[in-house]
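Notes for the one structure printed next.
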Amino acid sequence: MNSKAEVIQAIKEADSIVIVGHIRPDGDCYGSQMGLKDAIQTNFPEKKVYCVGSGLPLFFNHIGEMDVVPDEVIKNSLGIIVDLNEIERCEDQRVPRLAKKLIQIDHHIIMFDFKFPFYVDEDACSTCAIIAEILEDQKWKITEKGANALYLGILTDSARFEYVDDFPKVFRIAAYLCQLGAKPEVITRILSASSEKFLQLKGYALTHYRKKKGIIYLHLNASQIKKLGIKQSYGTAIINTIGNVNGYPIWATFFENEEHTCIIEFRSNKYNVCNTAMKYGGGGHMMAAGVTIKNFDLNILNAIIENLAKEIRENKK
Ligand SMILES: [Mn+2]
């Protein structure tokens, strides 16, 4: 059941808490984990709180590192799943498997009616914004590190305030976090720092994108990924380089590995791309979604493009 009150109650009742997010954690996932941990520890010093998973190493110096937690601790803890709507995408599967009790806080489109309490706001720009709002409502204090963590998630998931559901609300939350010590200039500087490899990837994307039926896309196979010296997961980082081109309301990246498992990202400034992601077993948000497909080939790529084209055709805006 979608219940903010039940989620807050479960946090208040727990002595030990383990917070987990999704595979390939991003700023919102890591920021939600760290911001929530900071708030719980600050307001309830007697509770033990841990964040598991790989986090975002780029920010470990400023915001904090992840915890290593044995099974025994998880068995005696409340598990909080953040920024995640599909248990299979949970980065540390021990949490859903072993935790004494589970709750979830998220902003992705609801695909499963979980049997445990959850609080989902599909309209929120980020899980961090939801958490910051809860903390403010509850009058729970957070430290400067916690404020930075939550600001990071709002900034990254909104694509630096480009995709925002409610500007007055989100700017107010961001201002509140700044008052508590968040440093936008520091967070932005760390995020904007780029490697030469990434510059080369951008150059590659700008010269090798393809276009079809209103969709711009970049397809990289294993050898191209290797040549560029990047990770298969870089699609998320590069996708907006080929986005927002007039006449092409949908854009996508297809990054394929040697086993032909393909990580696909979709974005749009007008159309629903989540329908297509969900058709292939993925999900996300209305205009920012993704899916990982095994045994990928060009037929699948063409079918996906056709699906996206249909979305444009049938909902012409
Ligand atoms: Mn998110």
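The angle between the Cα long axis of helix 27-43 and the longest principal axis of the Cα atoms of the chain comes to about 0 degrees, rounded to the nearest 10.
When restricted to Cα atoms, the range 4-191 yields an Rg and a Dmax of 14.9, 44 Å, respectively.
Tell me which GluC sites (Glu not before Pro) from the range 1-57 have a DSSP coil assignment and no more than 11 other beta carbons within 10 Å of their own.
Taking the range 1-57 and a limit of 11 other Cβ atoms within 10 Å, the loop GluC sites (Glu not before Pro) found are E46.
Compute the acute angle (0 to 90°) between the alpha-carbon long axis of helix 167-179 and the principal axis of greatest extent of the alpha-carbon atoms of the chain; round to the nearest 10°. Result, in degrees: 50.
Stretch N315-E86 to full length: gain in nm at 0.36 nm per residue minus the Cα-Cα span? Before the final figure, lay out the partial values.
On the way: separation 229, 0.36 × 229 = 82.44 nm, distance 2.77 nm.
Full extension from N315 to E86 adds 79.7 nm.
Put the Cα centre of the range 227-261 next to the Cα centre of the range 12-53 and the gap is 31 Å. Between the Cα long axis of helix 298-314 and the first principal axis of the chain there is an angle of about 80°, rounded to the nearest 10.
Relative contact order of the chain, taken over Cα pairs closer than 8 Å and 6 or more residues apart, is 13 percent.
A straight chain from K12 to K101 at 0.36 nm per residue would run longer than the Cα-Cα distance by 30.7 nm.
Relative to its Kirkwood radius, the Cα radius of gyration of the chain gives an Rg/Rh of 0.97.
Sum -39500 (n - 2.57) across every DSSP H segment of at least 4 residues in the chain, then divide by the residue count to get the 222 nm mean residue ellipticity, nearest 500. If you can, show how the numbers build up before the last one.
Details: 14 runs with 136 residues, N = 317.
About -12500 deg cm²/dmol.
Considering only alpha-carbon pairs that sit under 8 angstrom and 6 or more positions apart, the relative contact order computed for the range 196-314 is 21 percent.
To the nearest 0.05, how large is the calculated FRET efficiency for K211 and E122 if R₀ is 41 Å and r is the Cβ-Cβ distance? Spell out each step's value before the answer.
Details: r = 30 Å, r/R0 = 0.74.
Computed FRET efficiency for K211 and E122 comes out at 0.85.
In this label model, E196 and L298 are separated by 3.4 nm, measuring between points 7 Å along each Cα→Cβ vector.
In this label model, V186 and F60 are separated by 1.8 nm, measuring between points 7 Å along each Cα→Cβ vector. Computed about the Cα centre, the dipole magnitude for the chain is approximately 860 debye when only Lys and Arg (+1) and Asp and Glu (-1) carry charge, each at its Cβ. Enter the Cα centre distance for the pair the range 119-154 and the range 267-298, rounded to the nearest angstrom. Taking the Cα centre of the range 267-298 as reference, the centre of the range 119-154 is 26 Å away. Its relative contact order, with pairs defined as Cα atoms under 8 Å and 6+ residues apart, puts the range 256-317 at 34 percent. Is the shape of the range 126-282 best called rounded, prolate or oblate, per the rule: a/c under 1.5 gives rounded, else a/b larger than b/c gives prolate, else oblate, with a ≥ b ≥ c the square roots of the Cα gyration tensor eigenvalues? Prolate is the answer for the range 126-282, as a/c is 1.5 or above and a/b outweighs b/c. Among L56, L206, L135, which one shows the biggest mean-square fluctuation in a GNM of the chain, springs joining Cα atoms closer than 10 Å? Maximum among the listed residues: L206.
Every number in this text was worked out from the coordinates using simple rules, so none of it is lab data. Quick caveat, the model's predicted, so the values are computed rather than measured. Positions of Cβ are generated from backbone atoms using ideal geometry, with glycine treated the same way; all protein chains shown enter the neighbour counts.
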